[in-house]
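Values quoted throughout were computed directly from the atomic coordinates according to the rules given, and no laboratory measurement underlies them. Quantities reported herein were computed from a predicted structural model and do not represent experimental measurements. Glycine gets a Cβ as well: all are built from the backbone with ideal geometry, and neighbour counts include every protein chain shown.
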Amino acid sequence: MKIMKTVTSFYLTILLIVFVSSVALAEVKLPRIFSSNMVLQQGIEIPVWGWADKGERISVSFNNKTIRTKTGSDGKWMVKLPVQEYGGPHKLTVKGKNTIVFENILIGEVWVCSGQSNMEWSVAQSNNAENEIATANFPKIRLFTVPKAVAQFPQDDISSGEWVECTPETVSDFSAVGYFFGRDIFNELNVPIGLIHTSWGGTVAETWSSSQTISKDPDLKEKLAELQQLDLNKFREEKMAQIKKLLGGEIPEKDMGMQNGEPVWSAMDFNDESWKTIKAPSYWEPQGYMDIDGIGWYRKEIRLTEQQSNANATLHLGKVDDSDITFMNGIPIGKTEGLYDKDRIYTINKELLRPGKNMIVVRVNDTGGNGGIWGDPNDQFLAIGSEKMDISGDWKFKISKATVGAVNVGPNSYPTLLFNGMINPILPYAIKGAIWYQGESNAGRAKQYQRIFPDMIKDWRTHWNQGDFPFLFVSLANFNQPAENPGESDWAELRESQTKTLSLPNTGMALAIDIGEANDIHPRNKQDVGKRLALNALKIAYKKDVVHSGPMYQSVEFKDGKAFITFSETGSGLLVKDKYGYLKGFTIAGVDKKFMWAKAEIVDDKTVVVYNENITGPKSVRYGWANNPDDVNLYNKEGLPANPFRTDDWPGITK
């Protein structure tokens, strides 16, 4: 699986010292989650906290109310503002030996937006981005982005960040799902909205849970103990020794493939016999080059006939993470900067080709995270006329310049790292709830996710100490090429784990099973994701009378060689969403557990009948059970898709 371009190995120095509380402070100070332009949560008491000298007297004034307290022996203080009503702008004044004033504060609804790269995906990268940015003038929506940080132990504060009003100038790099969700809530409720974005692409759920929860997990507690006992200096020394050995000596700090500005490694007759072999398309990290960013060179020999060498050609290289300069027989034919998810398609003039040996060379510059030539092997070929020459597979490869993080611990190296660095520092800022888009990185352990994910939700609720606040999440979108035949799927099992998590109170799930993209793990349609999350919020958090979910499997009855499936959440009735009128995406199996495509028809507003004439004794029905079940078309009349499901509990592939 090509988990997204992320900064998953944009490694950060582990935070060893608590930012604030470990040093004596002469002045009163608040965590950075507090700033001018912030939104404070309506309807509940609002914690306000910070640090000052031991025993220092602190006063906090807000909306004509002043609360006084005194710091403890640890220099910490906290007050709780009384319940507030929607409105503003207000001013918050905190006085100790010094005075801090925050202005332009609104009282409204605060939501945490977290997960991996599909939550991190920006408005600028989404559908209709130019217009979305230009029209994002919502002064009552406020945005806050938590900086990325891993931490060995829980931190008290973050390194930077401030609340800003939502404008075309501020929204571009903000979470698209978060923004579209917040915009829809604002348009419906017309109250101030605060969005706290804290996500990191490519991350697993367990890195977002605290040590209190992970220490009880049978699969993860030993890894946590290892983290807590880790000697970071020794860890770094060992990592550096491994990387030096891999690269054959010292770590190259300059691009050895470029000499005096000339790309010497691109030459057709350059001797690459000592180079190692690597597979492309595939990131270089899992092929032995973990923890290495920098520049890598790929070389691929192809042989052409006389006829082929006399025709113009087009090189379809696939995607390159992050930037590339591509050569044919030593001559540059294309260059792309920083677009890690864009297919490289370069035209080759026939004058560059020759009969017999030809050499494709790609210089890849990876600035962080995964690196290399990646994508679908079907997208990597040389097109000459009507011919397609496959160039996927083995390439010669060598790292010419390497950059290594200060400490090679990424967010997935151990559980708790992102809770410590990106959640704990904003606790217990008052919130209404959380939205979550993550799961791709846990798909290979989907069965385990049935425990890890709900445990994480309960963990957050415990630490926020606001009861069972609404927690809304996105079911994985369809991804990869559609399956030709029914089969097993780790992504389907992960979606099942997400569905089971709905057993927790005040949870909701937005589907993306119909808006994914086969060739991109980051679908651009984040508007519908935000809208569907907002429907869940309106129903669960704000008790509005709306249809918030697509049809959900409820029960099955097998009779007369057919399966009768009953659904809940059908709104005003079931609907086949295409012009042909027959349902797609259903499979059926007998006692042999061999699934076949099935016919399916709507019986009434809550029931579908499923059958296959070749299976007289059906035992199980599945719907949408694939990484990409293609054009599944069962909806309710409100336009929300049916949730993928299975009626059996047979062991899956991630057990």
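Eigenvalues of the Cα gyration tensor times 5, then square-rooted: what semi-axes does that give for the stretch 552-646, in whole angstrom, largest first?
Values: eigenvalues 87, 40, 27 Å².
Gyration-tensor ellipsoid for the stretch 552-646: 21, 14, 12 Å.
Taking every C-alpha pair closer than 8 Å and separated by at least 6 residues, the mean separation divided by the residue count of the stretch 552-646 gives a relative contact order of 33 percent.
Sum -39500 (n - 2.57) across every DSSP H segment of at least 4 residues in the chain, then divide by the residue count to get the 222 nm mean residue ellipticity, nearest 500. Could you put the intermediate results ahead of the total?
Details: 10 runs with 100 residues, N = 655.
When only DSSP H runs of four or more count, the value is -4500 deg cm²/dmol.
Reducing the stretch 612-655 and the stretch 475-494 to their Cα centroids gives an inter-centroid distance of 11 Å. Straight-line cross-link reach from K97 at under 17 Å between alpha-carbon atoms covers these lysines, not counting any fewer than eight positions away in the same chain: K29, K54, K70, K76. Here the stretch 107-264 is assigned +1 on the Cβ of each Lys and Arg and -1 on the Cβ of each Asp and Glu. Its dipole about the Cα centre then comes out at about 320 debye.
Here the relative contact order of the chain, from alpha carbon pairs under 8 Å that lie six or more residues apart, stands at 15 percent. For the stretch 351-370, the residues whose amide N sits under 14 Å from a probe point set 7 Å from the Cα of R303 along the beta carbon direction are 355-359.
Legend: translational diffusion of the stretch 256-403 by Stokes-Einstein, Rh = Kirkwood radius over C-alpha pairs, 37 °C, 0.692 mPa s; D = 216 µm²/s. What you get for the chain, charging only the Cβ of Lys and Arg (+1) and of Asp and Glu (-1), is a dipole of about 1240 debye around the Cα centre. Note on the chain: antiparallel DSSP beta bridges, both residues inside, total approximately 80 percent of the bridges counted. Normalising the Debye intensity of the stretch 136-206 to I(0), with uniform scatterers on Cα atoms only, and taking log10 at q = 0.13, 0.27 Å⁻¹ returns -0.43, -1.25.
If only the Cβ of Lys and Arg carry +1 and only the Cβ of Asp and Glu carry -1, the dipole of the stretch 552-646 around its Cα centre is close to 260 debye. Taking the dipole about the Cα centre of the chain, with the C-beta of Lys and Arg at +1 and of Asp and Glu at -1, give me whichever of A311, S620, Y414 is farthest to the positive side. The residue sitting most towards the positive pole is Y414. Averaging Cα coordinates gives a centre for the stretch 330-389 and one for the stretch 270-322; these two points are 8 Å apart.
Taken along the Cα-to-beta-carbon direction at a fixed 7 Å, the label points for E273 and N310 span 3.5 nm. Across the stretch 136-271 the C-alpha pair distances fall into 10 Å bins from zero in the proportions 9, 22, 21, 21, 19, 7, 1 percent. Across the stretch 423-439, the residues whose backbone nitrogen lies under 20 Å from the label position 7 Å along the beta-carbon direction of K216 are 424. A Förster radius of 45 Å combined with the Cβ-Cβ distance from E162 to M596 puts the calculated FRET efficiency at roughly 0.20.
Once the piece of chain linking D468 and D379 is laid out straight, how much longer is it, given 0.36 nm per residue of separation minus the C-alpha distance between them?
Values: separation 89, 0.36 × 89 = 32.04 nm, distance 4.64 nm.
Between D468 and D379, full extension yields an extra 27.4 nm.
Could you tell me which helices of the chain pass both thresholds, a Cα extent of 20 Å or more along their own axis and a mean Kyte-Doolittle hydropathy of at least -0.5, with helices taken as whole DSSP H runs? Sorted by number, the helices that extend far enough and score high enough are 526-540.
Just to confirm a number: summing +1 for Lys and Arg and -1 for Asp and Glu over residues other than F469 whose beta-carbon lies under 12 angstrom from that of F469, what do you get?
Numbers: positive: K432, K458, R461; negative: E109, D468.
Net charge around F469: +1.
Classify the chain as rounded, prolate or oblate, taking a ≥ b ≥ c as the square roots of the eigenvalues of its Cα gyration tensor: rounded when a/c is under 1.5, otherwise prolate if a/b is larger than b/c and oblate if not. Since a/c reaches 1.5 but b/c is at least a/b, the shape of the chain is classed as oblate. Each of T566 and N233 was given a label point 7 Å from its Cα along the Cα-to-Cβ line. The distance between the two points is 6.8 nm.
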